[in-house]
Amino acid sequence: MTASGLAGDTHPSRPALLSVRGVSKRFPGVQALSGIDLDLGTGEVLALLGENGAGKSTLLKILSGAQAADVGTILLNGVPYVPAQPHEAQANGVVTIYQEFTLIPTLSVAENIMIGREPGRAGFVHWGATFGVAREALSRLGLSINPRRLVRDLSVADQQMVEIARALSMEARLIIMDEPTAALSVAEVERLLALVRILKGRGIGIIYVTHRLDEVMTVCDRATVLRDGRLVGSADIATTSIDHLIRMMVGRDLGAMAPVEGGSARPGVPALRVSRLCTRNTADPHATTVTDITLSVQPGEILGIAGLVGAGRTELARAIFGADSITGGQIFVEGREVAIRSPADAIALGIGLVPEDRKQQALFLSLAIRNNMAVTAMGRRRAPFDYVSDAWERGLVREFQKALGIRMASPDQAIGNLSGGNQQKVVLARWLALKPKILIVDEPTRGIDVAAKAEVHGLLGRLAQDGIAVIVISSELPEVIALADRIVTLREGRLTGEVARRKATEESLMRLMTLRTALEPA
Amino acid sequence: MTSAPITQNPDKQPFDAFGLLARFAPLIFLVILMAVFATLQPRFLSTINLLNVLRQISISGLLAIGMTFVILTAGIDLSVGSLLAFCGIVAAIVAKGGAAGNFAGGGHGAGHGWGLALLAAVAVGILCGLLQGAAITKAKVPPFVVTLGGMSAFRGATLLLANGGPISGFDESFTFWGQGRIGMIPTPVVIFIAFAVLAHLILRYTRFGRQVYAVGGNAEAARLSGLKVPRILLSVYVLMGFFSGLAGFVLAARLNSAEAVAGIGYELTVIASVVIGGTSLFGGIGTIFGTVVGAILIGVLLNGLVLLNVSSYIQQIVIGLIIVLAVAFDTYAKSRRRRA
């Protein structure tokens with residue numbers, strides 16, 4: 001790994017602000033970070049790059065005091081820096097701006113900026129000073145937001161500006177921005193990038209985490225790339241190219257993920273076709289608006305959907321499954337137009353969904369394995385008094401235990417005691433028990449060890465062989481390439497490309513997933 | 001499929017001493033409590049006294065059965081005491097053929113049999129449950145607020161309907177349901193046990209029962225599994241209404257009188273029975289068996305304290321403390337599950 005030597009080089013023209021050496025962090029079952037080195041000078045903007053799961057979030061949590069490193073040293077201005085709590089990080093001038101804002105929506109802009117540090121005496125807040133200081137903090141950034149407004153009445157972009165103003169008023173020396181532009185429009189992104197330049201001019205160091213390489217090229221001085229918890233290397237933006245950054249991000253050993261034999265599209269009517277589908281989840285402000293998606297899957301085919309976090313993959317799947325309402329377009333199942341208004345409707349049409357977040361959206365942690373598996377199939381069982389016997393549930397578990405290789409002690413065991421891979425097999429079995437025509441799997445191997453991953457992949461291949469139309473959504477490009485017969489890419493809620501498996505490379509997909517067309521180099 | 005290595009099985013069920021304790025904690029506590037009372041006051045263990053305990057808890061026990069369904073879905077129903085009174089008055093009016101002021105002279109039309117009275121009480125209970133369930137599932141008002149409103153509204157409706165005073169003096173076929181015995185067992189106890197068994201079978205062995213657990217355990221996962229979550233939620237409030245109607249009828253029969261102020265504070269005893277019995281306020285965990293044990297536990301506690309001449313004020317303090325302790329235990333158990 002020759003490139004890693006670059007990481008140790010502090011930029012000669014800037015005094016060192018942050019120096020990370022040999023930081024490692026292990027979670028049960030996964031080495032999240034191993035031996036990370038990182039340097040940042042004052043007034044420097046460092047892009048922290050990597051695919052989902054590369055270890056960026058863990059590194060940010062360590063720097064912001066949310067988690068502690070297992071080993072390694074961190075120096076801030078040459079002094080050892082070991083924040084045990086987020087407020088200790090802030091006291092040291094390290095402020096993190098997360099994607100989920102930490103503002104209190106029902107309070108005014110000024111109160112949010114000054115929270116915990118309101119000027120006053122004997123416990124009484126001096127409101128004049130509060131608004132004054134807040135207005136001053138906003139104007140230093142060239143912002144014209146009224147400090148008396150309630151935060152909930154501001155746009156997402158303005159809320160972010162308030163967060164940055166708060167960071168500045170806390171005398172921040174290092175600001176960490178986690179995907180700051182994920183929820184912003186094009187014009188808002190320009191405003192944010194301008195703000196980053198102002199901060200840079202004031203000598204503040206910035207760690208800029210993003211998936212958008214075009215932004216990296218415009219605003220960052222240097223980029224450090226992580227992959228699978230390891231440091232791949234760093235590069236000066238002035239002397240690097242987008243292609244080089246993409247290669248550093250994706251150059252993974254493909255040996256672990258052998259191509260899966262199985263999928264081959266059967267001719268005839270598509271099992272599923274969506275035409276100009278639009279959806280918008282109004283309940284979740286962070287959900288991506290999905291626009292004009294047209295795609296189809298044949299029986300026996302595995303269609304891969306690739307895209308970065310926030311590209312709208314999950315939103316698309318949920319809309320097809322009836323979990324969110326669609327705002328436009330049509331859905332056809334086996335050539336017939338259908339109206340899907342709820343997951344129950346989708347299930348009746350032979351569609352299954354293995355959701356992205358196993359714990360929150362799929363598992364009943366308080367129930368046994370057999371209850372978890374039988375939850376869908378019991379709806380089709382006909383018996384007097386709707387009788388559901390334990391024996392029938394256990395029989396169901398035994399049937400799939402063998403077919404899917406689920407390792408467990410007993411069907412009566414609590415689902416929470418299984419490993420992630422075996423939990424996922426139980427969720428898959430829940431759908432297979434219904435003999436679906438279309439199966440959508442969202443991040444099928446998230447949080448699953450390598451061996452179980454291969455088993456899940458093999459299983460999905462066999463399902464396609466049996467004639468099921470399978471849609472695989474994954475953040476891991478090698479997984480999509482290994483599984484899918486055909487891959488479509490999404491970016492910001494729109495379809496950006498379609499590639500056949502034998503032509504797909506991680507580089508070509510990453511390009512379709514990351515670049516804004518307007519800024520794409522010729 | 002490659003076979004798992006035999007040497008180590010990561011998914012082997014570990015021995016979970018805490019889980020076992022959590023499961024049987026109410027029963028263990030009940031046995032200890034009974035042993036203590038039996039030692040301090042030998043009269044406690046007499047058949048008459050024990051049957052007395054059971055008869056005392058049978059009314060709140062019936063409500064607790066319905067409440068178990070509600071709390072399993074992570075809901076709550078604070079209106080049970082008021083609805084019980086309301087349904088009791090309805091039963092009395094049907095049985096007597098009019099409200100207090102009307103039949104006092106004795107010239108008013110004759111009443112109907114207990115069957116129609118029971119039917120009316122249960123029908124009104126179901127209707128009120130349907131109303132509250134609709135407010136929760138259709139208007140999306142939190143159960144706590146809907147049933148807090150119901151608590152006040154049903155009480156007001158009761159007072160209005162009862163015209164102030166109690167309605168007393170039923171015929172023997174009516175009072176049998178509250179004062180009679182089947183063999184040596186008081187009728188309310190038989191009713192309570194019968195419905196506990198029925199509810200247990202429903203929760204444990206029917207699709208609806210399983211779906212109640214699923215919705216309470218993870219409503220989003222239940223929806224994504226194709227369960228019709230609003231319909232299930234509506235059903236549990238209807239069931240609660242049914243049990244309120246039944247309990248109201250039995251209480252009127254037992255007292256030979258329907259009173260507008262009946263059941264005040266019952267929601268506390270009822271929720272306490274369910275929670276002490278191990279049902280989680282977070283939903284998804286609990287059994288009817290636990291609720292029965294919880295109800296008996298509270299009955300034994302109150303009865304024992306009375307036998308020991310402990311002030312009824314202190315009894316209230318004890319009940320309050322036990323509820324908080326039971327929920328603290330539940331919260332702790334939940335955090336342990338999270339870590340698992």
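The values are calculated or read from the model by the stated rules, or taken from the named source; none is laboratory data. Values in this document were obtained by computation on a predicted structure and should not be read as measured data. Ideal geometry is used to build each Cβ from the backbone, glycine not excepted, and the neighbour counts take in all protein chains shown.
For the range A:433-454, filtering for residues that are under 18 Å from A:Ala317 (Cα atoms) and either among the hydrophobic types (A, V, I, L, M, F, W, C) or buried (at least 22 other Cβ atoms within 10 Å of the Cβ) (or both) leaves 9. Annotation note: of B:Leu203, B:Leu148, the sole residue that is touching a residue at least 24 places away in the same chain (Cβ under 8 Å), surrounded by fewer than 23 Cβ atoms within 10 Å (Cβ to Cβ) and within 14 Å of chain A (Cβ to nearest Cβ) is B:Leu203.
Somewhere in the range A:410-425, is a residue of a type in the set (A, V, I, L, M), at pLDDT below 90 and in the same structural domain as A:Ala311 (by TED's automatic domain parsing)?
yes
Within the range A:372-399, restricting attention to residues that are among the aliphatic types (A, V, I, L, M) and surrounded by fewer than 15 Cβ atoms within 10 Å (Cβ to Cβ), the residue that is farthest from the other protein chains (Cβ to nearest Cβ) is A:Ala391. For the range A:261-287, give me the residue count where each residue is under 25 Å from the mean Cα position of the chain (by Cα) and modelled with pLDDT under 80. Going through the range A:261-287 one residue at a time, the tally reaches 7.
Within the set of pairs 6 or more residues apart or between chains, which connect a residue that is touching a residue at least 60 places away in the same chain (Cβ under 8 Å) inside the range A:48-69 to a residue that is in a loop (DSSP other than H, G, I, E, B) and among the aliphatic types (A, V, I, L, M) with Cβ atoms less than 7 Å apart? Final answer for the pair search is A:Asn52/A:Val309. Among the candidates A:Ala323, A:Ala306, the residue that is at pLDDT below 95 and at the interface with chain B (Cβ under 9 Å from one of its Cβ atoms) is uniquely A:Ala323. Scanning the range B:176-199 for residues that are out of contact with any helix residue (DSSP H, G or I) (no Cβ under 9 Å at 6 or more places or on another chain) and at pLDDT below 95 gives no hits. Restricting attention to the range B:266-289, does a residue exist that is over 14 Å from the mean Cα position of the chain (by Cα), surrounded by 24 or more Cβ atoms within 10 Å (Cβ to Cβ) and within 14 Å of B:Leu62 (Cβ to Cβ)? No, there is no match, as no residue in the range B:266-289 is over 14 Å from the mean Cα position of the chain (by Cα), surrounded by 24 or more Cβ atoms within 10 Å (Cβ to Cβ) and within 14 Å of B:Leu62 (Cβ to Cβ).
When every residue of the range A:504-521 is checked against the conditions, at least one turns out to be out of contact with any Ser or Thr (no Cβ under 6 Å at 6 or more places or on another chain), within 19 Å of A:Ala265 (Cβ to Cβ) and more than 14 Å from every other protein chain (Cβ to nearest Cβ). Identify all residues within the range B:223-232 that are buried (at least 20 other Cβ atoms within 10 Å of the Cβ) and more than 9 Å from chain A (Cβ to nearest Cβ); write none if there are none. Result: B:Val229, B:Ile232. Could you list all residues from the range A:77-94 that are touching a Ser or Thr at 6+ places or on another chain (Cβ under 8 Å) and among the aliphatic types (A, V, I, L, M)? Correct list: A:Ala89, A:Val94. Among the residues making up the range A:338-351, a single one is assigned to a strand (DSSP E or B) and within 12 Å of another protein chain (Cβ to nearest Cβ): A:Ile351. Would you confirm whether any residue within the range A:237-256 is at negative phi, buried (at least 17 other Cβ atoms within 10 Å of the Cβ), modelled with pLDDT of 90 or more and not hydroxyl-bearing (Ser, Thr, Tyr)? Yes, the range A:237-256 contains a residue that is at negative phi, buried (at least 17 other Cβ atoms within 10 Å of the Cβ), modelled with pLDDT of 90 or more and not hydroxyl-bearing (Ser, Thr, Tyr). I'd like the full set of residues that are in contact with a Pro (Cβ under 9 Å, 6 or more places away or on another chain) and either under 18 Å from B:Ile191 (Cα atoms) or surrounded by fewer than 20 Cβ atoms within 10 Å (Cβ to Cβ) (or both), limited to the range B:62-75. Within the range B:62-75, B:Leu62, B:Ala74 meet the criteria. The test for being touching a residue at least 40 places away in the same chain (Cβ under 8 Å), surrounded by fewer than 20 Cβ atoms within 10 Å (Cβ to Cβ) and not in a helix (DSSP H, G or I) does not hold for A:Gly497. If you scan the range B:208-222, which residues turn out to be surrounded by fewer than 20 Cβ atoms within 10 Å (Cβ to Cβ), facing chain A (nearest Cβ under 7 Å) and either over 20 Å from the mean Cα position of the chain (by Cα) or touching a residue at least 60 places away in the same chain (Cβ under 8 Å) (or both)? B:Glu220, the sole residue that qualifies. Within the range A:413-426, if we keep just the residues that are of a type outside the set (S, T, N, Q) and within 9 Å of chain B (Cβ to nearest Cβ), the residue that is surrounded by the most Cβ atoms within 10 Å (Cβ to Cβ) turns out to be A:Leu418.
Criterion applied to A:Gly335, A:Gly328 was being without any contact (Cβ under 8 Å) to a residue 60 or more places away in the chain and more than 9 Å from every other protein chain (Cβ to nearest Cβ), and the one residue passing it is A:Gly328.
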